[in-house]
Amino acid sequence: QDVYFAGVSLAGALALQLGLDYPQLFSGLGVICSGAKIGEARAWQDRAGTVRSAGTPVMVAGSAQRWFAPGFIEKNAEAASRLLHTLQDADRFAYAHACEALAGFDVRGRLGEIATPVIAIAGGADEVCPPPFAEAVASGVQRGKAAVVASAAHQAPAEAPEETAGLLRSFFLARWAGRPHHPPSKEFRL
């Protein structure tokens with residue numbers, strides 16, 4: 001049975017780590033709005049300390065600015081609010097641990113070890129993980145492809161769900177070209 005994994009931001013970094021640690025388990029990986037290194041260690045450590053002491057609600061305003069392309073919140077208030085509430089309601093200690101994980105995450109020098117096919121999708125307006133991050137991942141792994149969702153920032157699956165799903169679907173189904181098996185379901189959940 002073929003298994004595909006796609007993740008956004010921290011979960012996109014997880015996709016790369018899975019490709020390094022468990023390549024035999026996956027037929028394809030999606031790295032969405034992410035990179036082989038995201039931000040600087042000191043900034044992540046500072047954020048972890050802030051969230052531990054003040055909680056995750058202090059992150060909401062800044063995240064609203066970083067996560068979404070201009071105009072998205074006004075046009076899609078319910079979707080944006082739902083995502084921002086998940087951040088606000090997140091356990092502060094778990095969030096701090098995630099920040100610390102990102103502080104130590106840097107697989108730029110190991111991308112060439114990833115043989116699993118990888119699609120790296122960036123948001124055209126993403127300032128956290130801009131398109132060059134996706135290009136670096138795609139060119140660094142053994143079998144990679146980069147794509148840009150021009151209308152999105154750091155939450156491409158929420159900002160442009162059909163386009164993001166279409167990119168994943170096309171990439172993952174292309175892995176089946178010429179294979180004698182049945183392709184995976186055309187249903188993808190984001």
(Q) Classify segment 120-175 from the C-alpha gyration tensor, please: rounded if a/c falls under 1.5, else prolate or oblate depending on whether a/b exceeds b/c. (A) oblate
Q. For the chain, which whole percent of the accessible surface, found with a 1.4 angstrom probe, sits on carbon and sulfur atoms?
A. 54
(Q) Using Cα springs under 10 Å in a Gaussian network model of the chain, which residue among Glu74, Glu113, Glu135 shows the largest mean-square fluctuation? (A) Glu74
Q: Give me the accessible area per residue for the chain, probe 1.4 Å, as a whole number in Å².
A: 51
Q | GNM flexibility winner over the chain from Gly123, Gly49, Gly144 (Cα, springs under 10 Å) | A | Gly49
Q. What shape does segment 55-149 have by the C-alpha gyration tensor, where a ≥ b ≥ c are the square roots of the eigenvalues, rounded means a/c under 1.5, and otherwise prolate means a/b greater than b/c and oblate the rest?
A. oblate
(Q) Using +1 at the C-beta of Lys and Arg and -1 at the C-beta of Asp and Glu, which of Gly62, Thr116, Ser34 has the Cα lying farthest in the positive direction of the dipole of the chain? (A) Thr116
**Q.** By average C-beta atoms within 10 angstrom, highest first, the peptides 41-48, 86-93
**A.** 41-48, 86-93
Q. Which cross-chain or sequence-distant (5 or more) residues have an amide H under 5 Å from the amide H of Phe68, H modelled 1.01 Å from N in plane?
A. His154
Q: Could you point to the label whose value was computed as percent of Cα pairs over 22 Å apart for the structure here, given (i) 53; (ii) 47; (iii) 57?
A: (ii)
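The values are calculated or read from the model by the stated rules, or taken from the named source; none is laboratory data. Because the structure is a prediction, the values reported are computed rather than measured. A quick note on method: Cβ atoms are made from the backbone with ideal geometry, for glycine too, and the neighbour counts reach across all protein chains shown. Side chains included, ligands, DNA and RNA excluded: accessible areas come from the protein's heavy atoms. Shrake-Rupley method; radii C 1.70, N 1.55, O 1.52, S 1.80 Å.
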